[in-house]
Amino acid sequence: VPQGPPSISTDTCTGISEAFKADSHPEKILLGAGAYRDDQGKPYVLPSVKAAELQFVNSGLDKEYAAITGVADFVKAATKLAYGADSAPLKSGSISATQSISGTGALRIGGAFLERFYPGTKKIYIPTPSWANHGAIFEDSGLEVGKYRYYNKDTIGLDFQGMVEDIKTIPKGSIVLLHACAHNPTGIDPTKEQWKEISKAVKEGEHQVFFDMAYQGFASGDTDADAFALRQFIKDGHKPILAQSFAKNMGLYGERAGAFSVVCESAEEKANVDSQIKILVRPMYSNPPIHGARIAAEVLTNPALNKQWLGEVKGMADRIIKMRALLQDNLEKLGSKRDWSHITSQIGMFAYTGLTPEQVATLAKEHSVYCTKDGRISVAGITSGNVKRLAESIYKVTG
Ligand code: PMP
């Protein structure tokens, strides 16, 4: 077996974490990790999650295997959260769903499912740029991976025209992957009106849409608002495929709680898809882990805990929004001539600063501030305590 290329390099989160660890600066700042941090920069276990966990740890539940498709209550509650309680396909029983090994696992099941059953061109188009793992997941699933335009570096905004043009011109019946909300890495989401246009373009192309929803609730603090795109596409007659993750919105990162679902033509087709998903999953990992799914199910279905959780999700989203505002404000106060408004117009965990790779390198070398080479910062790494020093460092490297 030949040695593979390094999976840890200075343009990945893991790579910069290594460099950060080795730095002895007392006020070093790490803006790489794709995980939420509190205002003290510490990992955050949601109190609602802790309460749910204690509740069932003390109730003496067994550790038997789940079904191939996972913890049934979890899967039911997860799909309700995404599609909405009054969703037509949910009510008519035409959504096939299974628990997955978090969002990554859902994408991987989706890739394998499409590779085996998708009748059209087995090519999936992802945005430029996209989450770094998307390409590898779909290639390993045996799909071809193409790109559509998404980010406009001149405006540090959405290349809406380019995106729609590309969706319209790729071969008919392709698969189009869309980030449902809080696009990673750019933090740039289409507006509601733009989503409607994108839905039309996907329809015109007779494409299959695949939503990756890794941040429901995390973008705006409202789980329904963040599901707008998915629900709009369904209203427009699409039959989406969906990958859900509870890593960010419940802070269940290492528990690997996620769900994969397919909106089918009918309850009959759903039964067929159910059977095929079981055939796909069984030889991959037999059945998924139960702990995180049980926690998520309790948080989603216990009314008091659910209310508490929604408040905590909003709390996380609001802290991120506040840190964006503080960073922009500090940069402006320093007299920066640049337009930093994109910091607050972007959404979710990440901000695309527009910093060049050279500026990113100087930030690390001279200021001990670490972010990925593409200029993406994890806003979760900003705190009331470090935002001023961060703004000063960015100001110094950008002039
Ligand atoms: N999709 C996107 C866009 C993501 O950013 C992530 C996490 N970084 C995932 C999927 C999957 O995460 P997980 O497997 O931890 O749920």
Return the only residue of Ile290, Ile277, Ile295 being within 17 Å of Val75 (Cα to Cα), within 16 Å of the ligand (Cβ to nearest atom) and at pLDDT 95 or above. Ile295
Residues Ala247, Ala259, Ala271, Ala229: which one is out of contact with any Lys or Arg (no Cβ under 9 Å at 6 or more places or on another chain), within 15 Å of the ligand (Cβ to nearest atom) and either aliphatic (A, V, I, L, M) or part of a strand (DSSP E or B) (or both)? Ala259
Condition set out of contact with any Ser or Thr (no Cβ under 8 Å at 6 or more places or on another chain) and closer than 17 Å to Thr186 by Cα, scope the stretch 101-139, selection nearest to the ligand (Cβ to nearest atom): answer is Trp131
Given (1) modelled with pLDDT of 95 or more; (2) touching a Pro at 6+ places or on another chain (Cβ under 8 Å), number of the condition Phe138 does not satisfy: (2)
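Quick grid of which residues meet (1) modelled with pLDDT of 95 or more; (2) over 24 Å from Asp318 (Cα atoms); (3) touching a Gly at 6+ places or on another chain (Cβ under 8 Å); (4) not assigned by TED's automatic domain parsing to the domain that holds Val387:
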{"residue": "Pro5", "(1), (2), (3), (4)": "no, yes, no, yes"}
{"residue": "Ile29", "(1), (2), (3), (4)": "yes, no, yes, no"}
{"residue": "Asp38", "(1), (2), (3), (4)": "yes, no, no, no"}
{"residue": "Gly70", "(1), (2), (3), (4)": "yes, yes, no, yes"}
Would you point out which residue out of Val49, Val75 is of a type in the set (Val, Ile, Thr), within 16 Å of the ligand (Cβ to nearest atom), at pLDDT 95 or above and not assigned by TED's automatic domain parsing to the domain that holds Lys270? Val49
Tell me the helices (runs of 4 or more DSSP H) entirely within the stretch 292-384 that contain at least 2 residues that are farther than 23 Å from Gly32 by Cβ. 303-333
Does Arg282 fit the bill of being among the basic types (Lys, Arg) and more than 27 Å from Pro190 (Cβ to Cβ)? yes
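The values are calculated or read from the model by the stated rules, or taken from the named source; none is laboratory data. Fair warning: this is a prediction, and the values are worked out from it, not measured in the lab. We place every Cβ from the backbone using ideal geometry, glycine too, and count neighbours over all the protein chains shown.
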